Structure formats: structure tokens, C-alpha cells
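Here's the structure we're looking at; comments come further down.
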């Protein structure tokens, strides 16, 4: 054990963990004996759903498991650069953090102090006084190294960025700055916890390339993620974590190509561009139609933003149309226009061939039963005081058919059965339900008025992959059984592939590509579509 | 060079516009307050001649009444009186006190410094107490430390609701009557005499600011940026001083304007209790005597003081939080449009 | 279906299939939850409020004597076994007077809060739901009122209305109204622009239905906690006016008036100011703690 004390990059593992158990006074044991070895120049991915213990593992590796709660960390072995980290005191960990191991968290907006300049944040690892390591680097030297780190992280104009605050940077630049802040002191080990989760596909790809570059220059990288696309891009080996246990481990290609465990197989299947919706009835006449739609938002500092710029779209009865694009592409604004939640500055929306966006709200109210929204965040769209029963009864009150109105309790239970939820859910408040259950309640609520069109706004983006698959299966089943037309807004091509027949790709407020799903995905013509696809393929 | 000048102008202009807007608001507040106070008091207060001639039950003859009315312009129509009063306010001539027969501006100038000294000292002491308690409570570890932190938390809640008239009375009983350390009555800037009034005013505000600070400090300590700082090797002391303290102090700075107002409320009670001359006492006496010019002058002065304090609070907030300084256009910085677009899109979808 | 099972396991409290217990057990569990929600300070505050409620409704149960009984020989008796809080200059028992004064002080505080909340409700809803010009107008008025500290505003109103109990109630009510109005306006605004109100509107529910079913209840619910807190504050303000000689006048056993009368003797008979003041402080503190706990439990 002591023989490896002098181990630097290249000799022996940078990180060696065996039988790691972490328990909290409330919540019990979260990790039940995890083994992990990372060598210099190697990237090991830790994947798993929410609640698998990934983030606790990442924090334990930098000695921060006990944040906020008293954590009990035990292991057969926990060695950092050959030193026994189990015997580290608080001071030892402080000396090691930033110098021997760096941590990158998700959500770079929250992970960089919004009141300090980017330069101060990046330079902090150089500025801190490390117990037993002499004085911090001199200020001039520090400034140079900060600029060099920002430059290496691929930020244009590092000198300008260093003086800006995190809020003035775009999401991708913030994430790069955060990575720069973790590696500025050149730690041999980098732990990245979901570094690409909040980013658009194209931006995420570039951040992953940055991580790959660090790996190639000799840094050992632990990549904690739920995104198998990211894993395929940079990881040499994969560890699959489920309920605090490693259920499968091996080289990336082997694990992703031929997963052994059922859990891994589910993850891989959900990450692939899966099957289409299968046989559905041929589409009928157009139910929802937008012509020449345009929406311009004034910006706070003057000027304006054209969110939707001359879009034509038609949805036929029984058809499912996917609306994809990166954030800011205008897909959500377009959905709001179609729903008549917002009025277009130019153009018109027709419902069943009759005026829809042009009507005054008073006249539109009676027609609203024909088109319903399934929101991204179901919790934000229900009154926190109400139970599921009250929510469904209110939704049923707007149904055009008197039969549903007569016995609303029975109708509510029937709606829940249709989305495969037990009737007990009726008397619970949505915030006590799981994410998947909430989304099913939201779908039941939307179905209550027997609409002809469902607008789904990122309906599964907040859910774990397995839960996503189940909700998407439900959507396909509803298409087949009820023939309801769907408009599905998503940034995830796999979701669109599973449910939709046709797809519209948006960028900068315009539709840049459209057509049947197999054709567009099989031979993408526009660079945005290709980027989105590249992020998906495992 | 030219680019730098353009940026500089872009920075300065919103700042100037902001200052002008604040000054405009101050003038508006002063005008509305003066108008409302004038008409309210004249509408409900009956004939002020009585106040001029020595209060109710004075034995003045009709000639004396007529002379007094002419002297104070009370024989003019109400609107004319109002306009005269307004013009005087604009020229800092607030007329003469009915009861004391001296110019109101003189009275106010005499009483303002003492009250301001008291309020500023109390606010400073409140900040020191609140900061000490909040940082101690946040850093407490171990069972004993946590028990102390919980006790401090309770003390903050009680302190925040302590009425000035009672706290002051208890302090007098303990430190003046019993121990004899400090005098129960005082005036001017005698430092020993200032202690009890200052403490009386400061403790409730300290309790309030302490709670606000502790809440926001705890929130900041749990934020991801604090975790990131720890992950870079920052010590707990460094995380507090370089990161969380600024976040913890910001809401308390914003509320200091309100706190200052409550100190002026408290000054009325404290000056009465400790027998100190000051703006609060003056306002109380004028209210009881229906001395309209003094009440108008004192109230407008209090309103202006509040506006000035709010201005200072604004400046302090902007110094502490660069996000408030407005989006300064830096050439070639994208991302400026992304949050704006998000702000433009309402709740449900998005 | 396996996926549904997996989801349910992931639910924060897997209680979908919880068996319903007996009514008594459920009531006990509910009471336990409420007590745990209140915490130790909350329970203490609730007990203090209970004591005050008894003092208001049946003061003779706590202090059977006559609050105005004069006994010149017993004047200025310090606190002791016979007179827990001592006696005043006429030999009246201070404890009895504090208990019997609860009704006046709390009643005045509650009335002032009712006026403040009532005015705040009208202004807050008008500004929050009305047209933009009305909101701007009310906003300006509130801005001006906020430039005047509460007690200065109350003094001004007393100057207009004249001293006395009714005037001090009205003055404190009006002086606290801007605070309630601003809070309610913000609350109405946040509820009216919330996702669930927009969702209800997109579901085709009319304006009145949305107002009745979502906006009003979600706005008023937090008021319970705010008004509880507010009564404590209002008691302090009303007593401050009495203390300054502008509210209830001394012979009455109202707490502020007792303080005002006792102030003269502060060097010789400290108990005349300390105990009524303690009652005011305890009232304000317990109502504040209770109000906050209610707010915390409600959200």
C-alpha cells in the first residue's frame, strides 16, 4: 500500500476504490460496496437512473459526501494518487481538493458564484491557502494560468470572459468555465457530475470533446451521467449503478453493444433511436393548421426577438407531428400559438378549418375542449391545494358530452384506468406522486374532454429513461385506441421517433427541415438535424 | 479607444437615467405627502387660530383672533393657503410654528441632527449584532454549538418583536435605577447618555436583520456554487468570506431602508421615554397641539429622509450585486438574448 | 406494466396502497403531525395564545379580583405572594389588571388588524386584478405611504381624528394597510400568472370560475398566517399610541395605558411598567411564532 505512495500519472491507478459504503443518518445506506479504479488518461463513466447514488459517489470522491448531513463513509480501500484517503482529515481533504482532484457539477449557472467574476472563480483553486503546501501562487502568475485554462477550455476571448460574471455567459460557455475552474491547478483526477445535462445537444457535444481532450492529455476522468450518448462519446469503461450497487462493468463498446443485465439493456434500449409507433390509422383531414405564423417578443434592453418567423404547419386527424429543435429555436412559442395561449403577430391558426387564433377568448372558450395541453412540468399546472380527483372533475366539467359530466367520479376513475393508474391516486395530491405518475395524471386530465388534438410539450424530458419509455408507450397506445392527433414538442429525437409520423425541425424561429420521420432521420439534410441525431445515436 | 468610449457612455447613461428617476420619485413623494398632510389636517383639525393663540380655552378677544388670522394668512381661501404652503416648501420656508412662534425650518434644523445620530448609530449597532449572530449561528457545529444556534434563533425572534417602550423601560430599570451605569434621561451627543436609547432602538432591528441574514446565509451555503468552492479546496472561512457572506448580506441591505423607517417610528417612543429632544418628540408634541406647519414640515422631512435612505440602499445593493447594474453590452457576448427570450415566454409552456 | 411498478417504487412516499386506519387513530395521527409541525416553540406559543384566549373570555378564572379595586394602604407593594405583579399607586393589583386588560388590548389589536387587512384586501385585489392604470395608481399611493414609517403615519391620523380608542384603532389599521395591500397585490399577481391558472384558462374555464376556484383561495390562504402575525404587531402599535398618551386613557386596565401611568414611577416601582410590557411582548412573540408555524405548515 505504502509502496504506491509515489505513484504519479502513468504509474498505478489515480483512483482506487473498493467496497465503498456511504450511509446517511436519515435515509440509510445509499452506496452498498462500490468498486472503482481509474488510471491516468482513462475516462470511466458511472451511469444509472435518479436515486442510484451517482451524485453521492461523485461527492464522496472529493471528500464532500457529508455536505449538509453527517455521512458515514466506509470502504475497504479508498486511495487517491496512492494515498489512503480514508485516513484524510478535513485539512488533508482541503489540501487535496482542487490540486489532486477537481469536481464539475451540473447546472453551471448555479455552480459558479453569480456575484464574482469568472476569472476569480476559475482562479480560486490557485488562490486558496492549502494546509501544509506553502503559500498560494503569486497573483500575476495566477492571472496567466486562469487565462490559459479558459483558453484551453475553448472560451473565445479569455481576457474578456475572465472579467465577466457567470450570468453574462451562455450556458455552454459557463460549463466550460466551470470545467476550467476544476482543472486550473492541473489535478490528475477530474470528477464530472452530469456536466452536459442542462445543455443543448450541439453544445453538450463540444463540452464532451473538451473532457476527451483532458483525458487524452493524461487526466483521469470520472464521468457521472445518465446520458449514454455522452458515455459512448468519451468513456473508455462503463460502470452501471443501480440502487447503490454496481450491476455491470466493462469496456464501453462491450457494455453498450451487448448489455448483460436487464437494467442495462433497458437503459441502452431507451437511449437508442427505437422503433416507430407501428401501424396507425391513415391521417384524415387537417384539424389544426397554422399559416404564416410569426411572433416577436420585445427585449428588455430594447430591440426584439423573432421567436417564430413565418411558419406553416398542418396537423391532420389521427396524425402525430414532432416539433424538434434546440432551446431558443421557437418550438415552444409555436406550440403556444397553436394552443391559442398566445396570439400571433402575423398569420392565423385554424382549428377544424374554422378560425381559432382570430376568435376573441370568450368565443374560443367553448371550443377549447377540442385541443389540450400536456405540459412539461405537470406540478406547475395544478393548483397545489387540489387532489387528483378535483383536478379531473374540473377537467371533466368542460367535456362536451353530457354522459361524462353526469357521473364525474366514475369518469375520473375511468380516465385514470386509461393511463394505467390505480383509482387510489384519485385522493392524493399530485406533489405526493412520482414524476411518471404526475405525467400520467396530466395526460388523463388532457384526455377528459375527449380532444381531437393533444399538444405535448417535452412530456418526458424530466423523467428517468425507463419511466420515459413507459409514458411513450402509453402515448402510442392512446394514438392507436382513440385516434387523437398529437403535436409533440421535444429536443430528443428518440422521443419523436417513438411516437410521431412526421417531424418538423426548427431553428431560429423557422422550420428548416420537415418530412416523414424515417426519411428525415434516415437522411438528415440540415446541419441542426444532423447535430441532434449525433447526440442520440449510441 | 473609441470602442472604450462607447462602452463607457453605455454604462453611464442608464445610471444617470436611474438617478433622475429616483430624484423625480423623491419630489413626487414629498409633494404628495405635503398635500395630503395639509388637507387632512385642515379638513379635520378645525380652526388653527386656537392653536396659535395658546390652545383650547384661550381668552383672546376678536381683534387678536383677526390679527392672528391675517398674520398667518388664514383669512385667505384654502386653495390659496395650500399654494402658499407649497411654494414655501419648495423654497424651504415652512412658515412659523403656531404654538412656538418660531420658523418651522429652524425647529426642524435644531431637532434633526439628534434623531439622525440616534438612528444611524442604532442601525450600525443592529448590523454589527445581526452579522455576529448570523455568522456564529451558521458556523456552529457539534451538539453544544447547535443548541447555542437554536437559542440564538429564538432570541432573534423575541428581539424582533420587542416593543421599544418596554425594552427601554427594562433597560432603565436595570442599568439606570438599579446599577446606575447610564443616565435615564439625556440630550445631545453625550456618549454615555446615548447608550441606552441606541440599544433600545437597535435590538429589535438586529433581531429582524439577523433572521433575514441567517436565512439567506444558510441558503447560500447550500447552493451549488458553495459546493464548487469547497471542491476547489476553499476552507470554511474562505467560503463564508468570499462567497456566502455577500449573498447573505444582500437581502438585509435591501431591508435596511425599511429598518430605517422603523427606527424613525421607534424614535418617537424612545425620545419620549428617555426625555431626549428630537424629531420624534417634536412631531408628537405638534400632533397633540395641532401645530399644522410643524406636523407638515416634520412629516415631509421624514418622508424625504426615507427617500434618501432608499437611494443609498439602492446604491449599496448595486455595489454588492453586479447583476443589478443592468446588462452592460459587451461586444461579442452571446447569451444576452437567450435569457431574455426565456423571460418573454410565459409560464405553462417552457 | 413493470414500468408503472418501478415508478411507484420511486415515489417519495409509496403510500398509494396505505390501508385506512380507524377514525380515532387517524385523528390522533393528524394531531401528532400538527404538533410535530408546530415544534417546541410553536407548542409554547400555542399555550400562551390559549392562556390569552382564557384571559379575554373569562378573566375571572385567572384573576377573580376586581381590577379597579382601590386599597390605599397597599399602594406600591412590590411583587410578592399576595400580589404577584405588585400593586400600583392606588393599591390596585397589577396581575388582576393585566389579566383583565387582555380583552381591551387584544380586542383593539384584532380590530386594527381587521381594518388593515380589509383595506389591504380591497387595494391588493384591485391592483392585482384591475386594469393597468389602476394598478399604477395604487402602486404610486402605496409608494408614498411607505415613505412614512408606521408610527408616523399613525400619529398623523391621530392628529386628524383626535386622540382616543377608536382613533387609535383606525390609525393603526390604516397605517398597517399598505403593507397588507402590497403583500396581497404580489400574491394575487403571482397566483394570476401561475401555471395552474393559465392551465385552467386553457381548459376553457371562464374568468369567474378561475377567480373563485383558484385565485381567491390561493391568495387568502396565506393570510391566516400573516394576520396572526399582524395581530401581535398591531397590539404593539396600539399600546405604543396609548403609551404616548394618544390612545386608551390611564384608568382603564389596557396594557399600553398601564405603561403610560406607570412610567412616572419607573425609578421607584419598576413592576408597574415591566409586567404590562411583558404581557405585550409575550403576546407579540407568541402570535409571531404561531403565525410563522401556521405559514410553514400550510406550505
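Here, each number is a calculation from the coordinates, and none is a lab measurement. In this text the structure is predicted, and so the values were computed from the model without any measurement. Here the Cβ positions follow ideal geometry from the backbone for every residue, glycine too, while neighbour counts run over all protein chains shown.
Step by step: find N for the stretch B:106-324, compute 2.2 N^0.38 Å, then divide the Cα radius of gyration by it. What's the final number?
1.16
Can you give me the three principal axis dimensions of the stretch A:321-425 from its C-alpha atoms, in Å, biggest first?
So the three principal-axis extents are 45, 32, 27 Å.
For B:243, C:83, A:526, what's the fewest-to-most ordering of other Cβ within 10 Å of each Cβ?
Taking fewest neighbouring Cβ atoms as first place, the list is A:526, C:83, B:243.
Before anything else, pin down the relative contact order of chain A: Cα pairs under 8 Å, at least 6 apart, normalised by residue count, whole percent.
Reported as a whole number, the value is 15 percent.
Of the residues C:107, C:65, C:32, which exhibits the maximal mean-square fluctuation in a Gaussian network model of chain C defined by a 10 Å Cα contact cut-off?
Residue with maximal mean-square fluctuation among C:107, C:65, C:32: C:32.
Sort A:427, A:107 by Cβ crowding within 10 Å, fewest neighbours at the top.
The fewest-first ordering by Cβ neighbours comes to A:427, A:107.
Viscosity 0.692 mPa s, temperature 37 °C: give me the Stokes-Einstein translational D for chain A in µm²/s, with Rh taken as the Kirkwood radius over C-alpha pairs.
Taking Rh from Cα pairs, D becomes 129 µm²/s.
Helix A:171-183 sits at what angle to the longest principal axis of chain A, using alpha carbons and giving 0 to 90 degrees rounded to 10?
20
For the stretch A:203-269, what's the radius of gyration and Dmax over Cα atoms, in angstrom?
12.3, 36
So what is the relative contact order of the stretch B:252-318, in percent, for Cα pairs below 8 Å that sit 6 or more residues apart?
Taking the mean separation of contacting Cα pairs over the length of the stretch B:252-318, I get 40 percent.
When the helix-only estimate is applied to chain C (DSSP H runs of n ≥ 4, each -39,500 (n - 2.57), divided by the residue count), what is the mean residue ellipticity at 222 nm, nearest 500 deg cm²/dmol?
Value at 222 nm, helices only, nearest 500: -24500 deg cm²/dmol.
Can you tell me what share of the DSSP beta bridges in chain A is antiparallel? A percent to the nearest 5 is fine.
55
How many angstrom lie between the C-alpha centres of the stretch A:267-287 and the stretch A:413-491?
With the stretch A:267-287 and the stretch A:413-491 each reduced to a Cα centre, they are spaced 16 Å.
Considering every residue in C:137-148, what mean count of other chain Cβ atoms within 10 Å of its Cβ is obtained?
Counting Cβ atoms of other protein chains within 10 Å of each residue's Cβ and averaging gives 5.
For the protein assembly as shown, rounded, prolate or oblate, judged on the Cα gyration tensor with a ≥ b ≥ c (square roots of eigenvalues), a/c < 1.5 rounded, else prolate if a/b > b/c?
Here the protein assembly as shown falls in the prolate category.
Quick one: compute the contact order of the stretch B:106-324, relative version, from alpha carbon pairs under 8 angstrom and 6+ residues apart, as a percent.
27
Considering only C:67, C:131, C:41, give the residue with the highest GNM mean-square fluctuation for chain C, with springs between Cα atoms whenever their separation is below 10 Å.
So, out of C:67, C:131, C:41, the one fluctuating most is C:131.
Using helices alone, what [θ] at 222 nm do you get for chain A, with -39,500 (n - 2.57) per DSSP H run of 4 or more residues, divided over all residues and rounded to the nearest 500?
Taken over chain A, the calculation gives -10000 deg cm²/dmol.
Among DSSP beta bridges lying fully in the protein assembly as shown, give the percent that are antiparallel, nearest 5.
Antiparallel bridges: around 55 percent, rounded to the nearest 5.
From the Cα gyration tensor of chain C, with a ≥ b ≥ c the square roots of its eigenvalues, which class applies: rounded if a/c is under 1.5, or else prolate if a/b is larger than b/c, or else oblate?
In terms of gyration-tensor shape, oblate.
Helix C:23-57 versus the longest principal axis of chain C: what angle, 0 to 90°, nearest 10, using Cα atoms?
For C:23-57 against chain C, the angle is about 30 degrees.
Quick check: the angle from helix A:435-447's long axis to the longest principal axis of chain A, C-alpha only, nearest 10 degrees?
Between helix and principal axis, roughly 10 degrees.
Based on alpha-carbon centroids, what's the gap between the stretch A:348-402 and the stretch A:111-175 in Å, whole number please?
49
Going by how many other beta carbons lie within 10 Å of each one, how would you line up C:294, A:443, fewest first?
Ranked by crowding around the Cβ, least crowded first: C:294, A:443.
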